[in-house]
Amino acid sequence: MDRTLLAPPLPSSVATSSESFAKNRADMLDQLQVIDELLDEAEAGGGEKAMARMRSRGKLPVRERIANVLDPDTPFLEISALAGYDSDYTIGGGMVVGIGIIAGTECVILANDPSVLGGALTPYVLKKWNRALEIARDNHMPYVSFVESAGADLRVETGGGRKANTNHFAESGRFFYEMIELSKMDIPLVCVVFGSSTAGGAYQPGLSDYNIVVKDQSKIFLAGPPLVKMATGEESDDETLGGAKMHAEISGLGDYFAEDEMDALRLCREVVSHLNWRKPGPEPSLLGDDPIYDQEELLGLVSQDLRSPLDVRDVIARVVDGSRFEEFKTRYGPTLVCGWASIHGYPIGILGNNGVLHPEAAEKGAQFIQLCNQIDVPLVFLQNITGFMVGKDFEQAGIIKKGSQMLNAVSNSTVPHLTVIIGSSYGAGTYGMSGRAFGNRFTWLWPTAKVAVMGPKQIAGVMSMVRRGQAARKGIEFDEEEDAQIVAMVEEVQEKGSLALAATGAVSDDGIIDPRDTRTVLGICLSVVRNTPIEGADGYGVFRL
Amino acid sequence: MTHAQVMTTPFDSVLVANRGEIARRVFATARSMGMVCVAVFTDADADAAFVREADEAIRLATGYLDGDAIIGAAKLSGAQAVHPGYGFLSENANFARSVQAAGLIWVGPTPDIIATMGDKILAKEAALAAGLPVLDSYDTESLTGESTELIRFPVLVKAAAGGGGKGMRVVQSADQLDEAIASASREADKAFGDSRVFVERYVPRARHIEIQILGDAHGNLVHLGERECSIQRRHQKIIEESPSPVVSPELRQAMGNAALALASSLSYSSTGTVEFLLDEDSLTGDSITEGGAEFFFLEVNTRLQVEHPVTEAITGLDLVREQLQVAAGQQLNFDQSSIDFLGHAIEARLYAEDPANGFLPSAGTVDVFEPAETPALRWDVGIEQGSEVGVHFDPMLGKVIAHGPTRAEAAAQLARGLERLHLGGLTTNRDFLAATLRHPQFLAGATTTDFIERVNPTPLVSPDDVVFAAVAGALWMQGRRVADLEVLPRVPSGWRNSKLPMERTSLLLEDGLGDGLGDGRDQEPMEVRYRRNRDGSFSVRNSANDNTVSNAAISNAIIHAWSAEWIDIELDGLRRGVRVSHTARVSHTGSAASFLYVQTPSTTLRFRIEPRFVVPGADTDTSTLQDGGLVSPMPGSVLEVRVNPDDEVVAGQVLLVLEAMKMEHPVPAPRDGTVSQVLVEVGQQVELGLVLVEFE
């Protein structure tokens, strides 16, 4: 593939020898070091003892299961690796979810980590499971599950602060409904039962298209021996109730009988290899050459406090093929940079923030999104947005109308959206730039990302003004000293809550990436989204003009 | 017939009644002379290079010894001349006569000369008559109990019609003589159809020196110096050189003159070789004062010799060209005085055989065969990548010839060329040859015929080289897979955004050393684990020194370049360009085996890539011996079966006798036991590793 976009490479405005670049880079590396250590924690799962106990029973740790099912030397893109950060749960939350290649086929893989609470369904497992289902459905990818779970986490929730009980059993089970939907959508579900899959969990193999059971390990039944004894008085044991041999030979729930775990992984690969998987999306149509600038330089572009300005073109120049970028409407609404490029040979449209969204910028964004939908080109959003511009002039210029136009275009766009939050992601700007809630296919964060309703300073400041107003109305003296303390505290709490790690710990994105991996991650996602046809929108909601 | 009456009979097509490297060798010259080249071949050779390269080829239904069929082939193709090569019918006077009777030109000496020289007793008489020194010999007919007391032992029992060491026995004392004569006689009968043997003085410390002669039908005769072919195993040459490190100009002249005297008495035409035994003890110490070097006539080979290229190298002549021109009746266009010897040439014969196992012939597929570009050597080979080497023919794969200004340089070049040869798929003597050429005793010129027993060169591969090769192989394989990726081809190898175990490749060192080291039967596979770093280098662990690979120290590997045949890799600071090949086979049991051939500084190592997954019940490890089964140690045919089912046998008892390369090989019981099944019968061809007998 030698064809490229005709646009020339972007110039670079990065002073790599500047003090600020060096500082940004050092700060970024510090943050990456923290993340790396957290990833080590995630890898350790339930810890050495639990891993050793698994090994002694001939079981492989969950990450070895995954490594062995993948085609050698192919990538694995883990989703929400740091789920559960800053919670009472083990980092990762007891389940590994990711996208990997099995027998040349991109698959969603989700695997219980039995070293963590026996693979119990922690809140993080539920959220990641939900996300795995969503990825499989949105991108139409085979769904491969490695099941070994103690079942529901029956421990009492001990949340802090005010208690709001909005979870009820009556609403549970949605996962099973969605699995059934996947199968109807011709998305094959392949399930390897490595251990317990009981009660509700038994429906995981029950609702999968292919089941692989492992000799002497799989245990699949609606009720175990104690419950059976309670219910009917029948004496039974694990093997006769739900062993691999029983299911392979008598019940027929097990389609493939594996001698051991490696054999199960072999069978899993064989099953995927017969799925006859074809991707309807177009293959790369352009040359996928590397950017002409060093991707290492992405480390020094963003300051940790997000205060020094960033030209998003410098990010684009280090991510896209040959650094080529054809900018659209350069001189109009310049706080939103729009244009065409390619990654790994896949054509894309890019929207990147170069400041707060003005009415013209929002209008331009809405137009650009429609252009990309017209020609079936996926969109990449590079978020560094503090929101839509406020103030009399902008309200009068229709910032709400223009902003809504952009939200309409984003919401009704049907080409795949990939979002990378490189800096701030505040308020409605998050929505306009296709944040998680606006139907993108993937959301990735740089370590410098901050996601919140508004900046910590603004929140603290607004709250201070409210207090001042209350004091004035009540006619009491305003305690400046106390206010300063509250402002500082609020700022700190808000700051902490807006950090990338807090967001990713809550599974509100797909994970934090090393900025140097931006091109690779987007390249993988652009390939993944091609498991569906790339088709632009035929119509939109009514634009408020 | 006087010489002047010889007519020139030019011809422009030649059939080579031979196969393999010598057929290609003759074709090369004949083609350069503008001739049409005709090959004959048997079914086993149907895909061989020499058949493809010929202008025409004719199938022989019954083999290369079927003279009538070969003459028929010449008629069919219109070939005007027949070149016999060496071996097969090259020294068969009756065949030469039949060729001539059919109106074809015979490329070689006259049938009468072939007949006379082919009979060692007659040849020895001719040599005596021409004044050549010969070894005392005794007619076996006249040997009785008493007369044996007159014999000076040790002696050598030789077949009258022999050659190539077949039917030869060294006898140290009188009481062994009868048995040696009997067995040599049997072997001679089998090999040559002539059971006559004779007994000759045996010189224990000797060199094999031969003089190349060349004559035409006009009476012109020259010698082309000597070749020393003392390095032999099983009485067959494996390294030959010219000049000999011990032959002085005076001795060369003396031996050359002796050879010419005999040739002249025979009116010899075409190429020939007069073989002498040079007594090592006559070269050293007091013997020189006693009259100098002592040499004895052995025999005359009335054909082109395997080792002719060393003479070609130092004389600049093309001996096949000379043969063809002489056969056409032309005169030699030079005389003795115009022959110069330039530099030193050494030839090594590459055999499919196992030096660590008594040089037993091996067989198999030549998975890889690629000489390095440097040093520039002459490769006369019959095989190519993919060739099958069977049990039907001599297991010589080819010859490598180095020519340098000095002996030391020629030896170094040749050793290097052998070491750099990318070769694998079957056991060969490559490493043994290289070790020989590098041995101080060889370099010192101490090359008597007992060299191999005396010196026993041992090839060695350093454990560090094995580790380097394993890492290079594993990372080359990684590059192979990444290059073949259809999904996400632009994503870096094994990219992760989180932590997963390293990639793993398990490699079982199988063979390639030719020294029995690492035959894979009692070894653990070596595990190489690696992970690509962000900068493109790889972090590598291996289990070579420590079986707990997860605790092994991390090495840093940098792939500077990768291609489908090669990897330029730096491992902890040491950078090498490494030739790598990968082959995959599916066995008859349906299991797939995948092999990596990795070049080290001294040889090619073969690693079996252990599959990540094992299909339960499938026999993937073909190298494992069947439990309780006795397997064939070599390819060959079953000569004798000495046990029946239910027989109780003791360790060491001969259970059956195999024949390979016309040698008998007893197969003993490895342990005490009861035979449950005999799986072969007399006359059956067996491959290496076939189960012959099963025990209870």
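Observations on the structure shown:
- Across the range A:42-116, the relative contact order, built from alpha-carbon pairs under 8 Å that are at least six residues apart, equals 35 percent.
- Pairs of Cα atoms nearer than 8 Å and 6+ residues apart set the relative contact order; for the range A:1-100 it is 23 percent.
- Length gained on full extension, A:Asp186 to A:Val228, computed as 0.36 nm times the residue gap minus the Cα-Cα distance: 11.5 nm.
- Note on chain B: lysine pairs with Cα distance below 16 Å, sequence gap of 8 or more or different chains, count 11.
- Fully extending the segment from B:Asp572 to B:Thr9, taken as 0.36 nm per residue of separation minus the present Cα-Cα distance, adds 195.9 nm.
- Extending 7 Å from Cα along the Cβ direction at A:Phe169 and again at A:Asp294 yields two label points whose distance is 6.1 nm.
- Counting all C-alpha pairs of chain A, share separated by more than 36 Å (%): 39 percent
- Of the GluC sites (Glu not before Pro) in the range A:216-278, those whose Cβ has at most 12 other Cβ within 10 Å and which sit in DSSP loop: A:Glu234, A:Glu235
- Helices in the protein assembly as shown, meaning DSSP H runs of at least 4 residues, each add -39500 (n - 2.57). Divided by all residues, the mean residue ellipticity at 222 nm is -9000 deg cm²/dmol.
- Over all other residues within a Cβ to Cβ distance under 11 Å of B:Ser77, the charged ones net out to -1, with Lys and Arg as +1 and Asp and Glu as -1.
- Among the trypsin sites (Lys or Arg not before Pro) in the range A:1-107, those placed in a DSSP loop whose Cβ has at most 15 other Cβ atoms within 10 Å are A:Arg3, A:Arg57.
- Selection from A:Gln458, B:Ser248, B:Val540, by position along the positive dipole direction of the protein assembly as shown (Cβ): A:Gln458
- Helix axis angle, A:261-273 relative to chain A longest principal axis, alpha carbon, degrees: 60 degrees
- Per-residue mean of foreign Cβ neighbours for A:519-527 is 3 (Cβ atoms of other chains, 10 Å radius).
- Loop-located trypsin sites (Lys or Arg not before Pro) in the range A:254-362 (DSSP state other than H, G, I, E, B) with a sparse environment of at most 16 neighbouring Cβ atoms within 10 Å: A:Arg278, A:Arg307, A:Arg331.
- All-pairs alpha carbon distance profile, chain B, 20 Å steps from 0, percent: 16, 46, 31, 7, 0
- Two-decimal Rg to Rh for the range A:404-545 - Kirkwood Rh, Cα set: 1.13
- Cβ-defined net charge surrounding B:Leu692, 13 Å radius [Lys, Arg +1; Asp, Glu -1]: -3
- Cα lying deepest toward the dipole's positive end in the protein assembly as shown, options B:Phe359, B:Cys229, B:Pro405, charges on Cβ: B:Pro405
- The calculated FRET efficiency for the pair B:Arg480 and A:Tyr177, based on their C-beta separation and a Förster distance of 35 Å, comes to about 0.20.
- A:Asp289 accessible area, 1.4 Å probe, all protein chains in place, Å² to nearest 10: 40 Å²
- Chain A: angle of helix A:123-139 to the longest principal axis, Cα-based, in degrees nearest 10: 80 degrees
- Among residues other than A:Gln458 with Cβ under 13 Å from its Cβ, the summed charge is 0 (Lys and Arg +1, Asp and Glu -1).
- Straight-line reach from A:Lys329: taking Cα to Cα under 24 Å and skipping same-chain neighbours fewer than 8 places apart, the lysines in range are A:Lys364, A:Lys401, A:Lys402.
- About its Cα centre, the protein assembly as shown has a charge dipole of approximately 4600 debye under the convention of +1 per Lys or Arg Cβ and -1 per Asp or Glu Cβ, with nothing else charged.
The values are calculated or read from the model by the stated rules, or taken from the named source; none is laboratory data. Predicted, not measured: the structure shown is a model, and the values here were computed from it. When we count neighbours, we look across all protein chains shown, and the Cβ atoms used for this are built from the backbone with ideal geometry, even at glycine. Keep in mind that these areas ignore ligands, DNA and RNA; they rest on the heavy atoms of the full protein, side chains included. Shrake-Rupley method; radii C 1.70, N 1.55, O 1.52, S 1.80 Å.
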